[in-house]
Amino acid sequence: MSSTPYIGGLIGAILGGFVSDRIFRGRRKPAMLMTAVMMAILLITPNSTALLAIVLILAGFFLNIGWSGFTSFAMNITTNSTYPFAISIINSGGNLGGFFAQLIVGALLDATHNYTVAFSYFVLILVLAFFILLTLTEFKPAVEPRKDEAVKVETAAE
């Protein structure tokens, strides 16, 4: 059961760009929101091994699709020379979050002996991060004409 988020993560890492570009039409925020939704569903998942495995796989899946969204945000708003610095700031924030999350969750479990409180902390942080993301302007990729449309444009220009 402990490997199920990683199974979903592997699938999400492989299919992340396709899902983000084709299904979400290049928007990154929906995948990030789905990560928070899946963490919230973990709180209310009934005591069923099969359902828990499915929810954990989906949480790992959307978490990895969401990660590509974080890196693409930086790619879309920086230049080639400033991107390395921007992504290093993002990675540093993620690493600090991973470091402090363990301490905070450990303290919450010590104080309450309740895993629902620990998962609630993760959901709260994800929702907070999503609201911060709402303040960012999402990059809108230019729509490239299909090959048959490009031919028509060239023909009309002649």
Q: Out of the residues in the range 76-100 that are under 15 Å from the mean Cα position of the chain (by Cα) and open to solvent by 50 Å² or more (accessible area, probe 1.4 Å), state the one that is nearest to residue 29 (Cα to Cα).
A: 90
Q) Does residue 71 meet the test of being surrounded by 14 or more Cβ atoms within 10 Å (Cβ to Cβ), farther than 20 Å from residue 125 by Cβ, touching a helix residue (DSSP H, G or I) at 6+ places or on another chain (Cβ under 7 Å) and of a type outside the set (A, V, I, L, M, F, W, C)? A) no
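If I ask for residues that are assigned to a loop (DSSP other than H, G, I, E, B), closer than 22 Å to residue 51 by Cα and touching a helix residue (DSSP H, G or I) at 6+ places or on another chain (Cβ under 8 Å), which ones from the range 1-38 would you list?
Restricting attention to the range 1-38, the residues satisfying the condition of being assigned to a loop (DSSP other than H, G, I, E, B) are 1-3, 24-28.
Of the ones still in play, those that are also closer than 22 Å to residue 51 by Cα are 1-3.
Selection gives 1 alone.
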Q) Which number in (1) closer than 25 Å to residue 13 by Cβ; (2) part of a helix (DSSP H, G or I); (3) open to solvent by 60 Å² or more (accessible area, probe 1.4 Å) marks the one condition that residue 136 misses? A) (2)
Q.
Going residue by residue through the range 101-110, is there one that turns out to be at pLDDT 85 or above, of a type outside the set (S, T, N, Q), closer than 22 Å to residue 33 by Cα and under 20 Å from the mean Cα position of the chain (by Cα)?
A. yes
Q. Looking at the range 9-23, is at least one residue within 25 Å of residue 121 (Cβ to Cβ), within 16 Å of the chain's Cα centre (by Cα), open to solvent by less than 40 Å² (accessible area, probe 1.4 Å) and without any contact (Cβ under 8 Å) to a residue 12 or more places away in the chain?
A. no
Q. How many residues does the range 110-124 hold that are outside any helix (DSSP H, G or I) and surrounded by 17 or more Cβ atoms within 10 Å (Cβ to Cβ)?
A. 0
Q: For the range 52-70, state whether one or more residues are in a helix (DSSP H, G or I), free of Cβ contacts under 8 Å to residues at least 12 places away in the same chain and over 13 Å from the mean Cα position of the chain (by Cα).
A: yes
Q: Give the residues of the range 35-55 that are open to solvent by 30 Å² or more (accessible area, probe 1.4 Å) and at pLDDT 85 or above, sorted by residue number.
A: 48, 49, 50, 51, 52, 54
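The values are calculated or read from the model by the stated rules, or taken from the named source; none is laboratory data. Remember, predicted model here, so these are calculated numbers, not experimental data. Ideal geometry is used to build each Cβ from the backbone, glycine not excepted, and the neighbour counts take in all protein chains shown. Just the protein is used for accessible areas: all its heavy atoms, side chains included, with ligands, DNA and RNA removed. Shrake-Rupley method; radii C 1.70, N 1.55, O 1.52, S 1.80 Å.
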